[in-house]
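In what follows, a structure is listed as structure tokens, so that the remarks can point back to it.
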Amino acid sequence: MLKQQRVVIDHVSPQINAGEFSIKRVVGQVVNVSADVLADGHDVIAASVLYKHQKEKKWQESRMTPGHNDDWYGSFKVEKQGYYAYKIECWVDHALNWQYGIGRKIADGQHVNSELEEGVLYVDEVMKMATATEKTYLKQLLNLFKNEASYQEAITQAVSDSLKSIFKKYPNKFLANTSKELGVYVDRKKALFSTWYEFFPRSSSKERGKHGTFKECIPLLNRVAEMGFDTLYFPPIHPIGEVNRKGKNNTTTTEKGDVGSCWGIGSKLGGHKDIHPDLGTLDDFKELIAKAKELDIEIAMDYALQAAPDHPWVKEHPSWFKWRPDGTVQYAENPPKKYQDILPIYFETEDFQALWQECLDILYFWIDCGINIFRVDNPHTKPFYFWNWIITEVKKKYPDIIFLAEAFTRPKIMQQLAKQGYTQSYTYFTWRDNKHELINYVEELTKTEQAEYMRPNFWPNTPDINPFHLQGANEPKHIQRYVLAATLSSNLGIYGPVFEQMISNALPGKEEYMNSEKFQIQHYDWTVENWLIKLISGINKARKEHEALQQTNNIRFCHIDNDQLIAFYKWNDDKTSEVIVVISLDHHHAQRGTVQLPIQDIGVGHDHQLKVRDVVPDIEYTWNGEWNFVELHPNMPFHIFEIIK
């Protein structure tokens, strides 16, 4: 079918995979939209961004402005959770084209009586939509345009901003063209800004060698809150398999009293909807959730779709596992790691619908108990389209749910998981340690298409990863790694109390903890205080008080004449919060350098004095001009400067 159109729309941005996936925002954020918009000839064209929430029928409109090479820019703010649709609409604006043309002729000294008569048609057209006040003005214009005696006043009004604003307000979108609809998924603010703390509840007991309980976790909540964490993540809390149970340090033989890996889920005591009896009861868990909520802490659960050999599923749903001719199931592997205590789920089973529904029901069960955050174990070993389905189903009923993808794997796989719907993603930050690596990686996350759909969560350590640079590292190194995570990314987490107590003994030649807590109960002194803990609390307080640190993508690295110092500027969307962060990457020696401020971005001149406040020790400085000196020492290897205007 022939369609008469003149305006072309090209290169609409942002969009992911030609619109296959939604970009991501949180409530209150702005979506900046751009496109190439052009038409034949020299007529004036106009363009708008049209957008609406999934529950709205009427499109809202935000006019776009042109750049310098047929590029147009617009934006809109997302105010509610859920899906938004947006598209670009453009047209030849004949009324504005008339005004532009008559203006050029007037400027050239031409007589424009005929053009004024033509203008009557455009004024008559907008009269139908105008307000009473506007109609009074437009009627005056009609009289002027028709009266030769008022020629001078007529041509003045013909090119006036008042008339232009009315034409823009009531456009006649003749032969308008629209782009295809694109999507935005809007989460709650915590999707963008969260501070995670992980510990094993079974290691919460004050008594050495005793299995911890949920009730013993409750007194530890105050410590977590005082350090400034708002999310407390527990590894799996379900019954642990007894068949092929792992011993200490991941051995395949067990001794009496070995508790096994909590990721080996399921036994005669139950499966994914059950709680390990040594931790307590479901009511105990709900009490812990409620107590945490009183301190503004959310409990995050581990969602691990795998089964121990004695999980009830193995007998109840044998088709959910892939059986070999000898009657066994190949245990799970994530090379070079082997999990003899875990059977992988067979997602190609003919009974996949029942399997998928059970996986969804597990989430619904724990959501009904008060859980809104799930850290998903090894999602890259399950089908991408399964994740798209299950996350979409959950979000339909429970838009507050947050999913963190624990996938330390190839970049495109991590990116695909984010596209399919994961709210946050673990990253390679854990291994990025020098200035060049850090800058390149953060630029990749924030200045490429990934910024539209992948929210990084920076973890200096995890129970699985004891990075070489932390093994035997001193306190300044731990401070350095924490402040890097906390200021480069708005989402971060640590595995504690291992991190803040600087417990870093490793298996020789491996990035794994000696006497790993994954396979045994540990005993900790939860009353330990040190300089690192004090600074963690101060850094987390700074994050809560400065919106510039509550987002990741608005970042610009600053030149500084020392490769052992890294400096960057961050700001919130409306620039009511701006910070300059300088961090030393040398945990043994003092480092000095001169940092170049991005004065154009900050909005100050070359010779302007700038007041800054170092927010952790709360000290004010006055900086002069574009280049300013800094000095950092190992015991205090960072500055977080609030810019005061």
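At a glance:
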quantity: Inter-part distance where the stretch 90-134 and the stretch 181-214 are each reduced to a Cα centre, Å; calculated: 62 Å
quantity: Within the chain, percent of DSSP bridges classed antiparallel, to nearest 5; calculated: 70 percent
quantity: With Cα atoms, 0 to 90° folded angle of helix 282-294 axis to the chain main axis; calculated: 50 degrees
quantity: Carbon and sulfur %, accessible surface of the stretch 279-339 computed with the full protein complex present, 1.4 Å; calculated: 55 percent
quantity: Net lengthening on full extension, Glu294/Ser13 (0.36 nm per residue, minus Cα-Cα); calculated: 97.0 nm
quantity: Accessible surface of the stretch 108-162 [probe 1.4 Å, protein heavy atoms]: carbon and sulfur percent; calculated: 47 percent
quantity: With all protein chains modelled, accessible area of Tyr122 [1.4 Å, Å²]; calculated: 40 Å²
quantity: The chain - mean residue ellipticity at 222 nm from DSSP helices (-39,500 (n - 2.57) per run, n ≥ 4, rounded to 500); calculated: -8500 deg cm²/dmol
quantity: Mean separation of Cα contacts under 8 Å (6+ apart) over length of the chain, as relative contact order %; calculated: 11 percent
quantity: Charge sum, other residues only, whose C-beta stays under 11 Å from Pro460's C-beta, Lys/Arg counted +1 and Asp/Glu -1; calculated: +1
quantity: Distance between the stretch 580-645 and the stretch 317-341 - C-alpha centres, whole angstrom; calculated: 55 Å
quantity: Rounded to the nearest 10 Å², the accessible area of Ile465 at probe 1.4 Å; calculated: 10 Å²
quantity: Positive dipole terminus of the chain, leading residue within Tyr482, Tyr441, Phe167 (C-beta point charges); calculated: Phe167
quantity: Dipole of the chain [Lys/Arg +1, Asp/Glu -1 at C-beta], most positive-end residue of Phe229, Asn491, Thr381; calculated: Thr381
quantity: Solvent exposure ordering (accessible area, 1.4 Å, most first) of Arg556, Arg202; calculated: Arg556, Arg202
quantity: Inter-part distance where the stretch 487-506 and the stretch 58-79 are each reduced to a Cα centre, Å; calculated: 42 Å
quantity: Share of alpha-carbon pairs per 5 Å distance bin for the stretch 541-617, given as whole %; calculated: 3, 14, 22, 25, 21, 12, 3, 0
quantity: Which listed pairs, of Lys52/Lys128; Lys412/Lys544; Lys3/Lys169; Lys58/Lys382, have C-alpha distances above 29 Å, in listed order; calculated: Lys412/Lys544; Lys58/Lys382
quantity: Solvent-accessible heavy-atom area per residue, rounded to whole Å², over the chain at 1.4 Å; calculated: 45 Å²
quantity: Cα pair distances in the stretch 1-82, grouped into 5 Å bins until the bin that holds the longest one, percent each; calculated: 3, 13, 20, 22, 19, 13, 6, 3, 0
quantity: For the stretch 133-202, convex hull of alpha carbons as volume per residue, Å³; calculated: 190 Å³
quantity: For q = 0.09, 0.12, 0.13, 0.20 Å⁻¹, Debye-computed log10 I/I(0) when each Cα of the stretch 93-227 counts as one equal scatterer; calculated: -0.49, -0.63, -0.69, -1.11
quantity: Sites Gln501 and Glu181 - FRET efficiency at Förster radius 56 Å, r taken between beta-carbons, to 0.05; calculated: 0.60
quantity: Value of D in µm² per second that Stokes-Einstein yields for the stretch 1-147, Kirkwood Rh from Cα pairs, at 37 °C (0.692 mPa s); calculated: 181 µm²/s
quantity: Asp351 paired with Lys173, simple spin-label distance in nm, labels 7 Å along Cα-to-beta-carbon; calculated: 5.3 nm
quantity: Two-decimal Rg to Rh for the stretch 477-526 - Kirkwood Rh, Cα set; calculated: 1.01
quantity: 15 Å cut-off, amide nitrogen to a point 7 angstrom out along Leu282 Cα→Cβ, residues in the stretch 333-361; calculated: 361
quantity: Semi-axes of the equivalent ellipsoid for the stretch 586-645, Cα gyration tensor, largest first, Å; calculated: 23, 14, 8
quantity: Nearest-ten-degree value, helix 411-420 long axis tilted from longest Cα axis of the chain; calculated: 70 degrees
quantity: Under the Debye formula (equal points on every Cα, no solvent term), log10 I(q)/I(0) of the stretch 250-383 at q = 0.10, 0.13, 0.14, 0.17 Å⁻¹; calculated: -0.38, -0.63, -0.73, -1.04
quantity: In degrees, nearest ten, helix 435-447 long axis to first principal axis of the chain (Cα); calculated: 50 degrees
quantity: Relative contact order %, the stretch 17-86, counting alpha carbon pairs below 8 Å whose residues are six or more apart; calculated: 40 percent
quantity: Average Cα contact separation per residue, the stretch 516-640, under 8 Å, 6 or more apart, as relative contact order %; calculated: 21 percent
quantity: Using alpha carbons only: equivalent-ellipsoid semi-axes of the chain, gyration tensor based, whole Å; calculated: 56, 32, 20
quantity: For the chain, size of Cβ-based charge dipole, Lys and Arg +1, Asp and Glu -1, in debye; calculated: 820 debye
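The values are calculated or read from the model by the stated rules, or taken from the named source; none is laboratory data. Keep in mind that this is a model prediction, so the values were computed, not measured. Cβ sites come from the backbone with ideal geometry, for glycine too, and all protein chains shown count toward neighbours. We work out accessible area using only protein heavy atoms, side chains counted, and drop any ligands, DNA or RNA first. Shrake-Rupley method; radii C 1.70, N 1.55, O 1.52, S 1.80 Å.
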